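Q: Can you read through this structure? Questions will come right after.
The values are calculated or read from the model by the stated rules, or taken from the named source; none is laboratory data. For clarity, every value in this text was computed on a predicted model and none was experimentally measured. Cβ: placed from backbone, ideal geometry, glycine included. Neighbour counts: every protein chain shown. When the accessible area is computed, the model is the full protein with side chains, heavy atoms only, and any ligands, DNA or RNA have been set aside. Shrake-Rupley method; radii C 1.70, N 1.55, O 1.52, S 1.80 Å.
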Amino acid sequence: LTRAGELLSRLKHLGIENVWRTVLEGALLEARAGNHVKARRVLKYLMHHVPWYGPLYLEAYKLEKNLGRSQEALEVVERGLRAIPRYGPLWFGAFRLCEELDHASRQFLLPLAMSMIDRATMCVSKEIIWKVHLEAAHMLERSAVEFLDCNTDPPAETVMDLSRKRFALTILTCPPNLRWKVWLASGRMEVAAGNADRA
């Protein structure tokens, strides 16, 4: 690690536009070594100087998320989405994070996650809209199944109906050759909910 630091320190006199990929590797090295403060500082520096590179935001988001800093991870995601709103992988990271935050606050209708889903449908390319709807269906399904035997408000069946509607949106927006996957996922959801005939 010390030797790697020495090699990286030689780059500080060069323009960041020429060495940013190597600096990013250095930040990831620091993160793997447990030097999170240093890694975070370098990633923030890179986000300022290389705002158009999507994977950079993903790495910064993962760092914060792995450290249990959900709010900070969400801030990184929002910063990335402002810079590159069409970058799909960042949206999908945001969905997972928002789902976790909703579950932590026992919001079974997933308002934060569904708001993020709705934002994504207006930004991502048409080729992946169906994947956004499919992700929404799976999130609502997980929420309904997790609380199936609980007396929740709203009832789990209401959340399951919302999941079914998202599966329908997925069918309407996905390529015809992939519709079988959506039907299969929908059938699995019904099995998990105990609806064998419907499945």
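Q: Scan region 36-45 residue by residue and report those that are surrounded by 15 or more Cβ atoms within 10 Å (Cβ to Cβ) and modelled with pLDDT of 90 or more.
A: Within region 36-45, His36, Ala39, Arg40, Leu43 qualify.
Q: Of these, Ser143, Ser163, which one is within 27 Å of Gly68 (Cβ to Cβ) and in a helix (DSSP H, G or I)?
A: Sole residue among the options that is within 27 Å of Gly68 (Cβ to Cβ) and in a helix (DSSP H, G or I): Ser143.
Q: From Ser163, Ser115, Ser125, grab the single residue that is open to solvent by less than 20 Å² (accessible area, probe 1.4 Å) and either among the polar types (S, T, N, Q) or at positive phi (or both).
A: Ser163
Q: Return yes when Ala83 is modelled with pLDDT of 90 or more, within 22 Å of Met114 (Cβ to Cβ) and small (Gly, Ala, Ser) and no when it is not.
A: Against the criterion (modelled with pLDDT of 90 or more, within 22 Å of Met114 (Cβ to Cβ) and small (Gly, Ala, Ser)), Ala83 does not qualify.
Q: Given the residues Arg166, Arg142, Arg179, which is the only one that is over 20 Å from Gly88 (Cβ atoms), among the basic types (Lys, Arg), touching a helix residue (DSSP H, G or I) at 6+ places or on another chain (Cβ under 9 Å) and in contact (Cβ under 8 Å) with a residue 12 or more places away in the chain?
A: After applying the criteria, what remains is Arg142.
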